[in-house]
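Colleague: Here it is, the structure in full.
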Amino acid sequence: MSLGRIGWDAFQALSLEDKGPQLQEDGRLFHILFAQQFDRASLDALGRLATRIRFIAKSKAGMTFLQGLLDHRRAMLYFTQPSTRTFLSFCAACEILGMKLGEVRDTSTSSEFKGESHEDSVRTFSSYFDLIIMRSHVGGLAERMAWVLSHSERPVPIVNAGSGRDQHPTQALLDIYTLQRSFEDRGGIDGKTVVFVGDLARGRTVRSLAVLLTRYEGVRQCFVAPPPLRIGDDVLAMLDAAGCEYEVTTEFKPMIPRADAIYMTRVQDEWDQVKGESADIDTSAYAFTAEDLERLPPRAVLMHPLPRRKEIAPEVDGDPRAVYWRQMRNGMWIRCALIAAIFGCAGALGEYGDAEP
Ligand code: CP
């Protein structure tokens, strides 16, 4: 079944898990909208592909090969919500694969300013481009646009680069890739304890990563936040349904020695209902300080989707367990892998050269 053969209401009636197969074409990833689309096998395959691409990219001959893979394709970056690393890492990933780029980042310079609908804007992009990567403050917009395009004459893939407060699936992919690499000599992600800290009520990266962690055996997820920023009950219901172990607490410091990975997040005050209301929430107990490095297990990793404010002290950056800069670069490689998978390049990448990996 593909998205082009199902009505909007019938599609909406499906669970996110059941929507996943509708988003494929010819058995391959096509639209990338939700974390729920990825199972353990596809996460493992994407991680291997990302590592293969980063290895090939080390040589000039390899880069020339990579840049020939999709030099006949064009990507449109439609980012109407602020972004630095998601936008730039997608640009870099497209360029590594040879794609040409177009962008709209400010609707005051596009025909949306004249009242054009999202639907018409995205159909316009699909006339000129072969892939649309989009970020919007409107929850569910990427899903709607994917359905619209799949019912048009030119169905091109949509990649959700952050939608509303609900999902940021490619951030979750880079987080999983970082965890895969961090624990590759420790039995992988299975059985690990991941501690989420900060604004868990409004953090879409946490929502998506919590889903992907259910794909691993025996992972314990701990959610640490002040009461107003507590993790949503829908996430906990998802973990209950998946039979996963979790803990919800307001106490951060006692969690540090128990963690294999700590995932810090900033206060997402751009979602305040009343401007400035988050300023009244005391988040001082939800910061990782240089002193906390003493309590962090020697093989644990400290992550952050970034950007950060004060929740990780800059003095922590030099510690080898602080992996957030590496995490950010991993985003470029996993996004290369994702685009390569969408366009069916995995076979060609596997056949290139004879060196490992
Ligand atoms: N992690 C993340 O989405 O960062 P940007 O908002 O800078 O893209």
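Colleague: Place a +1 charge on the Cβ of each Lys and Arg in segment 169-329 and a -1 charge on the Cβ of each Asp and Glu, then give the dipole magnitude about the Cα centre in debye, rounded to the nearest 20.
Modeller: Working: 21 positive and 26 negative charges, 93 e Å.
Dipole about the Cα centre, nearest 20: 440 debye.
Colleague: Return the long-range amide H neighbours of Val248 (sequence gap of 5 or more, or a different chain), with a cut-off of under 5 Å between placed amide H atoms.
Modeller: Phe223
Colleague: Quick one: what are the phi-derived ³J(HN,Hα) couplings along segment 185-194, Karplus 6.51/-1.76/1.60 with θ = phi - 60°, whole Hz, x for glycine and proline?
Modeller: 9, 10, x, x, 7, 3, x, 8, 10, 10
Colleague: Label Thr107 and Val248 with points 7 Å out from Cα along Cα→Cβ: what is the distance between them in nm?
Modeller: 3.3 nm
Colleague: For a quick protection proxy, order the peptides 5-16, 182-193 by their average other-Cβ count within 10 Å, most packed first.
Modeller: The peptides rank, most packed first, as 182-193, 5-16.
Colleague: With the cut-off at 27 Å, tell me which of the pairs Lys253/Lys310; Lys58/Lys100; Lys19/Lys58; Lys19/Lys310; Lys58/Lys310 have Cα atoms farther apart than that.
Modeller: On the way: Lys253/Lys310 16 Å; Lys58/Lys100 21 Å; Lys19/Lys58 37 Å; Lys19/Lys310 38 Å; Lys58/Lys310 35 Å.
Over 27 Å Cα-Cα: Lys19/Lys58; Lys19/Lys310; Lys58/Lys310.
Colleague: Among Gln327, Tyr352, Phe38, which residue has its Cα positioned farthest towards the positive end of the charge dipole of the chain, with +1 placed on the Cβ of Lys and Arg, -1 on the Cβ of Asp and Glu, and the dipole taken about the Cα centre?
Modeller: Tyr352
Colleague: Using a Förster radius of 22 Å, what is the FRET efficiency between Thr64 and Arg28 based on their Cβ-Cβ separation? Nearest 0.05, please. Display every interim value, and only then the final one.
Modeller: Values: r = 25 Å, r/R0 = 1.16.
About 0.30, to the nearest 0.05.
Colleague: Tell me, what ³J(HN,Hα) does each residue in segment 25-42 have, in order and in whole Hz, if you take phi through Karplus 6.51 cos²θ - 1.76 cosθ + 1.60 with θ = phi - 60° and put x for Gly and Pro?
Modeller: Couplings: 9, 6, x, 10, 4, 10, 6, 10, 10, 9, 4, 4, 6, 9, 9, 4, 5, 6 Hz.
Colleague: For Gly102, list long-range residues whose amide hydrogen, built 1.01 Å from N in the peptide plane, is under 5 Å from its own amide hydrogen.
Modeller: The list, which skips near neighbours in sequence, is Ala75, Met76, Leu77.
Colleague: Amide H neighbours of Thr193 under 5 Å, counting only residues 5+ apart in sequence or on other chains, H built in-plane at 1.01 Å?
Modeller: Under 5 Å from the amide H of Thr193: Arg220, Asp260, Ala261.
Colleague: Have a look at Gly102, Gly331, Gly318 and tell me which one the Gaussian network model of the chain (Cα, springs below 10 Å) gives the largest fluctuation.
Modeller: Residue with maximal mean-square fluctuation among Gly102, Gly331, Gly318: Gly318.
Colleague: Please report, in debye to the nearest 20, how large the charge dipole of the chain is about its Cα centre when each Lys and Arg carries +1 at its beta carbon and each Asp and Glu carries -1 there. Write down the numbers at each step before the final one.
Modeller: Numbers: 42 positive and 48 negative charges, 179 e Å.
In debye, rounded to 20, the chain gives about 860.
Colleague: Mind telling me which of His304, His137, His72 comes out most flexible in a GNM of the chain, alpha-carbon contacts under 10 Å?
Modeller: The residue with the greatest mean-square fluctuation here is His72.
Colleague: Per DSSP H run of n ≥ 4, the term is -39500 (n - 2.57); total these for the chain, divide by its residue number, and report the mean residue ellipticity at 222 nm rounded to 500 deg cm²/dmol.
Modeller: -11000 deg cm²/dmol
Colleague: Something else about it: Over what distance in Å are the Cα centres of segment 181-225 and segment 1-22 separated?
Modeller: Answer, in whole Å: 27.
Colleague: Once phi is turned into θ = phi - 60°, what whole-Hz ³J(HN,Hα) does the Karplus curve with 6.51, -1.76 and 1.60 give for every residue of segment 43-50, x standing for Gly and Pro?
Modeller: Values per residue, Gly and Pro as x: 5, 5, 5, 5, x, 5, 5, 4 Hz.
No lab work stands behind these numbers, since they all come straight from the coordinates. From a predicted model like this one, the values you see are computed outputs, not experimental measurements. For neighbour counting, all protein chains shown are included, and Cβ atoms are generated from backbone atoms with ideal geometry for every residue, glycine included.
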